[in-house]
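See below for the structure under consideration.
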Amino acid sequence: MEDKIKNIENEMLKEVESAKNRDGLEQVRIKYLGRKGLISEILSSLGGMSVEEKRKVGPLANSLKINATAVFQEKARRLEKEKTKEEGIDFTLPGARPEIGRIHPLIKTINEINEIFIGLGFRIVESPEIETEFYNFKALNIPLDHPSRDVFDTFYLDSPEKTRPGSRRLLRSHTSTAQIRIMEKEKPPLQVLSSGRVFRPDAVDASHSFMFHQMEGFMINKNIRFSDLKGVLTQFSREMFGPETKMRFRPHFFPFTEPSVEIDISCIICGGKGCRVCGNKGWLEILGAGMINPKVYETVGYDPKAWSGFAFGMGIERITMLKYGIDDIRLFFENDLRFLRQF
Ligand code: DAH
């Protein structure tokens, strides 16, 4: 009897091992563990045995049953695993950890500037990236045939032969277009801020990119004066770059403002003493600004005698580079996570 049990066990192990699938395994299980199976047969034959025999065979038969159950379970588990592997799914693999995104440094700068100007009563708007010559140039008092247009070198989407002069579509070369878009739709008083991508066909190097970001702001009301421009931008530069920051206004020319200025802040790296970043000048140029040219009001149908206002524009990349000490503009656009993870 003991030999018989041993043989049954060996035979069973072989058959379990060679089972190819769940159905095959089930056949083997029924053969051994089924109600009329070989193991059940031995167990029920215990009844007709002598006490002595029972004592020897009983435990062997019982442990055979227990082992057999475990062997079948284990094989079933292995078959299931192979099946999912064949189907390309392995549930035992560790899960993919979701990557946590973060805010791009340029967007961070835009958000920060927005917050400051919202505190000063400004409203944030969007303006199209695809524009026409009218919005990008003419309405901003940049004549179509004027050399000042070269400053805003532009990507055109239409060829000049096929389009009426002045109506060619283009990728905006500055965000000053937002001034016209809003003035055309709304009446003063206005306090508006708009930022986004601008495009210029520049060769790419450490300080140039064919696409970069600008922020445009303007304020129009009754009796807005140059001192208001100064006050608002001084408040901005102190909040953005620290309370010690000084400002310097230099006369400049922009067609859409009169008078126009370029604005420098005291170098945020050396505090004005002179260093590599400010080229030993102690000052950093960060803004163009001025009082909105009456010609712009005429174009949008405002009475230049009734309203006055100022406008300003700044480069987001430049401010972000100064703020974090970044020395190559291309880093913003290469999507290198080693760079982006630092912000
Ligand atoms: N649009 C100018 C540029 O792209 C920047 C600028 C200068 C905007 C003076 C203004 C301004 O609103 O008043 O270089």
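The values are calculated or read from the model by the stated rules, or taken from the named source; none is laboratory data. Here the structure is a predicted model, which is why all the values come from computation and not from measurement. So basically every Cβ, Gly included, is an ideal-geometry build from the backbone, and we count neighbours across all protein chains shown.
Kindly establish whether Y302 is at pLDDT below 95 and away from the ligand (no atom under 14 Å from the Cβ).
Numbers: at pLDDT below 95: no; away from the ligand (no atom under 14 Å from the Cβ): yes.
Here the answer is no, as Y302 does not meet what is asked.
Which condition number in (1) surrounded by 15 or more Cβ atoms within 10 Å (Cβ to Cβ); (2) in contact (Cβ under 8 Å) with a residue 24 or more places away in the chain; (3) away from the ligand (no atom under 14 Å from the Cβ); (4) of a type outside the set (S, T, Y) is the one that L140 fails?
If we test L140 against (1) surrounded by 15 or more Cβ atoms within 10 Å (Cβ to Cβ); (2) in contact (Cβ under 8 Å) with a residue 24 or more places away in the chain; (3) away from the ligand (no atom under 14 Å from the Cβ); (4) of a type outside the set (S, T, Y), just (3) comes out false.
For every residue, the table says whether it meets (1) on the phi < 0 side of the Ramachandran plot; (2) not in a helix (DSSP H, G or I).
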| site | (1), (2) |
| --- | --- |
| G101 | yes, yes |
| I110 | yes, no |
| P128 | yes, yes |
| E131 | yes, yes |
| D145 | yes, yes |
| G166 | no, yes |
| V192 | yes, yes |
| S195 | yes, yes |
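How many of the residues making up segment 304-325 are assigned to a loop (DSSP other than H, G, I, E, B) and surrounded by fewer than 19 Cβ atoms within 10 Å (Cβ to Cβ)? Write out each step before concluding.
To start, the set of residues in segment 304-325 that are assigned to a loop (DSSP other than H, G, I, E, B) comprises 304-307, 325.
If we keep only those that are surrounded by fewer than 19 Cβ atoms within 10 Å (Cβ to Cβ) too, we end up with 304-306, 325.
Result for segment 304-325: 4.
Among the residues in segment 145-161, are any modelled with pLDDT of 95 or more, buried (at least 17 other Cβ atoms within 10 Å of the Cβ), in the same structural domain as I118 (by TED's automatic domain parsing) and charged (D, E, K, R)?
First, pick out the residues of segment 145-161 that are modelled with pLDDT of 95 or more: none.
For segment 145-161, residues modelled with pLDDT of 95 or more, buried (at least 17 other Cβ atoms within 10 Å of the Cβ), in the same structural domain as I118 (by TED's automatic domain parsing) and charged (D, E, K, R): absent.
Looking at the structure I just gave you, is E99 assigned by TED's automatic domain parsing to the domain that holds S195 and of a type in the set (D, E, K, R)?
On the way: assigned by TED's automatic domain parsing to the domain that holds S195: no; of a type in the set (D, E, K, R): yes.
Against the criterion (assigned by TED's automatic domain parsing to the domain that holds S195 and of a type in the set (D, E, K, R)), E99 does not qualify.
From the residues in segment 245-259 that are in a strand (DSSP E or B) and of a type outside the set (D, E, K, R), which one is farthest from the ligand (Cβ to nearest atom)? Give the derivation first.
So in segment 245-259, the residues in a strand (DSSP E or B) come out as 247-254, 257-259.
So of that shortlist, the ones also of a type outside the set (D, E, K, R) come out as 247, 249, 251-254, 257, 259.
Working: M247: 15, F249: 12, P251: 12, H252: 8, F253: 10, F254: 4, T257: 4, P259: 10 Å.
Applying the filter and picking the extreme gives M247.
Failed condition for S308, given (1) within 16 Å of the ligand (Cβ to nearest atom); (2) free of Cβ contacts under 8 Å to residues at least 60 places away in the same chain; (3) of a type outside the set (A, V, I, L, M, F, W, C), with all others met?
Of (1) within 16 Å of the ligand (Cβ to nearest atom); (2) free of Cβ contacts under 8 Å to residues at least 60 places away in the same chain; (3) of a type outside the set (A, V, I, L, M, F, W, C), only one is false for S308: (2).
Report, by residue number, each residue of segment 208-244 that is touching a strand residue (DSSP E or B) at 6+ places or on another chain (Cβ under 9 Å), in a loop (DSSP other than H, G, I, E, B) and buried (at least 17 other Cβ atoms within 10 Å of the Cβ).
I224
Tell me, yes or no, whether segment 203-218 has at least one residue that is touching a Pro at 6+ places or on another chain (Cβ under 7 Å), aromatic (F, W, Y) and assigned by TED's automatic domain parsing to the domain that holds I329.
Applying the first criterion (touching a Pro at 6+ places or on another chain (Cβ under 7 Å)) to segment 203-218 yields 210.
Filter again for aromatic (F, W, Y), leaving 210.
Now drop any that are not assigned by TED's automatic domain parsing to the domain that holds I329, which leaves 210.
Yes, because at least one residue in segment 203-218 is touching a Pro at 6+ places or on another chain (Cβ under 7 Å), aromatic (F, W, Y) and assigned by TED's automatic domain parsing to the domain that holds I329.
Among the residues of segment 260-274, what is the count of those that are surrounded by fewer than 21 Cβ atoms within 10 Å (Cβ to Cβ) and assigned to a loop (DSSP other than H, G, I, E, B)?
Total meeting the criteria: 6.
Quickly run through segment 168-189 and pick out the residues that are more than 11 Å from the ligand (Cβ to nearest atom), assigned to a loop (DSSP other than H, G, I, E, B) and in contact with a strand residue (DSSP E or B) (Cβ under 7 Å, 6 or more places away or on another chain).
Across segment 168-189, the qualifying residues are R168, P188, P189.
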